[in-house]
1. Among the listed residues 835, 872, which satisfies the condition of being of a type in the set (Phe, Trp, Tyr), modelled with pLDDT under 70, open to solvent by 80 Å² or more (accessible area, probe 1.4 Å) and more than 30 Å from residue 556 (Cα to Cα)?
2. Mind checking which residues of segment 498-512 are open to solvent by 30 Å² or more (accessible area, probe 1.4 Å) and in a helix (DSSP H, G or I)?
3. For residues that are at pLDDT below 90 and not aliphatic (A, V, I, L, M), scanning just segment 744-757, find the one that is surrounded by the fewest Cβ atoms within 10 Å (Cβ to Cβ).
4. Under 7 Å between Cβ atoms, which residue pairs at least 6 apart in sequence (or on different chains) link something in segment 131-160 that is on the phi > 0 side of the Ramachandran plot with a partner that is hydrophobic (A, V, I, L, M, F, W, C) and open to solvent by 30 Å² or more (accessible area, probe 1.4 Å)?
5. Of all residues in segment 315-332 being assigned to a loop (DSSP other than H, G, I, E, B) and not polar (S, T, N, Q), which is modelled with the lowest pLDDT?
6. Just to be sure I understand the filter: pairs with C-beta atoms under 9 Å, separated by 6 or more residues or on different chains, first member in segment 315-327 and under 13 Å from residue 902 (Cα atoms) and open to solvent by less than 10 Å² (accessible area, probe 1.4 Å), second member acidic (Asp, Glu) and at pLDDT 80 or above. Which pairs pass?
7. Tell me which residues, restricted to segment 529-541, are in a loop (DSSP other than H, G, I, E, B) and open to solvent by less than 70 Å² (accessible area, probe 1.4 Å).
8. I'd like the residue in segment 423-477 that is at pLDDT 90 or above and of a type in the set (S, T, N, Q) and, out of all such residues, is farthest from residue 306 (Cα to Cα).
Amino acid sequence: MNEEYLNHLDQTVQTLLKWDTSTIMLSLSTEVTSVAVPIDIIGTLGAELGVTMRIKKAIRYWFPPSLLDQEQVVKLINRSCIEQGFKVSVFSSSTSKLLHRPCDKRVVIGCSRGVTAAPSKRVSDGTSRTDRPITNEEKCNFSISIYQCTHSQRWYIRKFGNGCHHHNGHYKLLSTQVKARSSDVETDELERVMNQLKSNIPTNAIQTLLIQQTGINISAAQLRKLRKNCRSCIVMEGDSPAQRLISSLDENPDIEYVAYIAQVSTARDLLTIKKTRKKMDKNSAEVVENTEVDQFSQETTVPLKETPQSYAASIVKALSLDGNQQLLLGCCWMSRDQKRYFKMYPTVLGFDVTHGTNAEKRPLGRGVVITPDRKIVTVFNAFLPSEASWVFGWVFKTAVPLLVSNKTTLRGIFNIPTDQDEQCVGQVNAAIKERVIPNGNHRICCWHKVDRGYITKVRRLKRHGKDFIFVENCRDWFYSFTTDIDTEMKEEAHIKYFALWLQQEKSNVSKSLFRFTATFWEKSFKNNLYRMCFRHYKKIPGGDERSTSFTESANSSLKRDIMGPKPHQAIDSSQMAITDHEQRRIDQLQKDAMTKLTRKQYIRYYTDDTFELEDLKTSLSDHLVERAVDITVSQWEQSKKYVFYRIMNNKYLVQKRLPIADGAVTMYVNTSLVEVTKFDEDQSVVVCSCYHYVRKSIPCRHIYCVVDELPRPHHCGVRALKKYEAFYNKNASTQEFTNQCNELLVKKLRGPLLSVPLTTNANNDGTNSIPLKQFTTPLKQCVPINPVEDVKTDLEKEMDEEAEAEMNEFGFLNMFQEDDDGGYDDAGDDASFEFDPNEAVSNAYTAIQPAFSECARLVTNQGGLAIANQHFSAMREELYRYTNNSSTKKIERKHNEFVSLPAIEKKKKYKRLAPYGSPSNR
């Protein structure tokens, strides 16, 4: 993107700042006693030109006699205005005083953007961040005048009125984005909403119905107050939670879904897996396709130990299903707004599974994307039957491609970070290998690997102060692989230096801590470097995302929401709560995106030395999101610490002036190659070998070191613009802007476009003062700044080799055993032990973990694995049968019934995290 194209985008958006109100239809009467008819009051605005005062006062349109108060009339007009994308407020209310006769009351109503910001010091010096207009030129001119007759007390509007129907200085919003006050809602309408909530109508459906009837969008806070007392008593009609879930998804016009259903047919004695899909048409919100597929493709690059057929057969047998009954296996859904955000920001797709959202204890799979401003958006949710390999294969190879239904979006997915669940990892890699996600690259979350896999487990092994320092240094070493190591030579050297450092620390830390660290390094971390090390993700967009922290944040936000899903809820109620949570989140993001476009930026606290820097941030903030501004300015500031060497007219070697390293982790001297290539007659693209622009669409410090230019908005990619989130693929009026953005995205630029001729920065030119060898040496070999020195003698090295050989001979089997020889107390050996099958179990995992671990150790070949899988399937089938038969409320199955898994979690009181900022969490 160049400056000319950025200006072109600005001009396209500037045309959206001036628009006319289309129609505002109200039921008015042409005479005081006549019947009300629909009249467009927009046609009365500005119609007074060329009309005499007598005619203007004589011809009137009367409001209904039931509207006696000024507030009621303003509410009526405001509802219609909200449907048009703006709201109004009262500017003035006055009555002219005459000696001979009383005059009618006049009230002037105008657009809420027609009032300037209150005078203040920041307003006067241009540093205010208010979203109100500052000057009279920025004020919106829209206004309407209404009158109240002195004799009849009826309200009316003149057919030939003054006023104005033109808007300027602000964008037209969607009706759902206009902020409505609680006072705009009538009492009877609030009672209707309460009845709808008690009938378990989805919240988004209630909002849509309220907008259609009144033009008012109730905010999340208002809905929270309304359903606070009735949420627990909501009961939705239907035979089963599965049927209610599918019916709810079918009736919601803004949701697409893909479901896998197992159908039992007694006539043919067959079990069929069906795929049910609902998708939205581009121009309509109606359901246009609902297909069923009677086959499941088992063609996969990863062999499945369990298939949907075998799983479904086991569950159907356990639940004693017969007749033409159906079993819901899994369901994945995506809303219209989630699909839009997925299309806008597909680069990084995080995936995680969370629990505790429904009574059936189904895992909830969630796909999350992240915006350039570090905002988190969940783009799809899925109720999963289990966490088996075939389930994740269904999500990534069937459900997501069908819901997205856009090959460009699927090709735009480059980085897929997940935790180290091998079932999920295998299917993600299968989707990449089978070209379902052709450009995808899987990455293991370094936070799960280091903090969960190492830091958490060594807490009990730390004994003294040196142990604490050792653990922190190990953490820095591990994370350095995921951030700093960008070449294969550095990775090999870093492995050697860490192993050497680890051996030197052996005598300074506890033996148990050292043994655990050595085992974690050799058995767990080192073997997975190909899925974590930065060098494998250096050249892909979004390659800097090395953890799933943003997906964990999305799960935490869902769990902290007091209106979110609860463990005892049926899957239909849980789905509605999840959808409402996501919709509130997206609505808020959209409102913030529109607000940021009109909000004034200002220089914060500054001195004479920082004025230039803060002024640069202010100019960039008019176009870029806040996170992009911070990164761009940071890269430009750090470029002053670098020096370049010109090797050709269009090639430069860039290196840090005085590279230093602090701490125990070895750092290396880096040399980057900046190359200028011709793009067209007037522009050149500047590419750096660090690939910072490819990963973030923001120029790096090496480019700013060579090019003598201040950061400009057009240096960054189009996704970093504020306008992108606000207008991309929003509606038909922004289609031209969307097409222009797509033209830029298709080019896939690897660097910023700059005008020719380019001017180099003379202050950073070291061509004549620094030898070329200093720049070229790091390209051929590793140049460590603070290498770990091997200070051992030959005798010590020989003793270490003997100790290592002894350790390899015996292995690491007994490393994690405690010093005491404590055993497990077997309650079954006690004859006086009374077995109560209905007694609750606090943690089933800890109870069966010893037996599971022992069985897992005995599985050493495929024969043992087959035996284990056979007995685990039988155990699962028996547990489902026991759960189904031991239910206190017996359920009689009907013919052709659509069922789901049995409800397990029935407690309504459970521990939930306190919302952020609440009194209990401060």
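The values are calculated or read from the model by the stated rules, or taken from the named source; none is laboratory data. As the structure is a prediction and not an experimental result, all values here were calculated from the model. All Cβ positions, glycine included, derive from the backbone under ideal geometry; neighbour counts span all protein chains shown. Calculation scope for accessible area: heavy atoms of the full protein, side chains included, ligands and nucleic acids excluded. Shrake-Rupley method; radii C 1.70, N 1.55, O 1.52, S 1.80 Å.
1. Exactly one residue qualifies, and that residue is 835.
2. Initially, segment 498-512 is screened for residues open to solvent by 30 Å² or more (accessible area, probe 1.4 Å), giving 499-500, 503-508, 511-512.
Within segment 498-512, 499, 500, 503, 504, 506, 507, 508, 511, 512 meet the criteria.
3. If we take residues in segment 744-757 being at pLDDT below 90 and not aliphatic (A, V, I, L, M), then 757 is surrounded by the fewest Cβ atoms within 10 Å (Cβ to Cβ).
4. 153/68
5. Among residues in segment 315-332 that are assigned to a loop (DSSP other than H, G, I, E, B) and not polar (S, T, N, Q), the one modelled with the lowest pLDDT is 323.
6. From residues that are under 13 Å from residue 902 (Cα atoms) and open to solvent by less than 10 Å² (accessible area, probe 1.4 Å), the pairs are 315/877; 318/877; 318/878.
7. Those that are in a loop (DSSP other than H, G, I, E, B) and open to solvent by less than 70 Å² (accessible area, probe 1.4 Å): 532, 533, 537, 538, 540, 541.
8. 473
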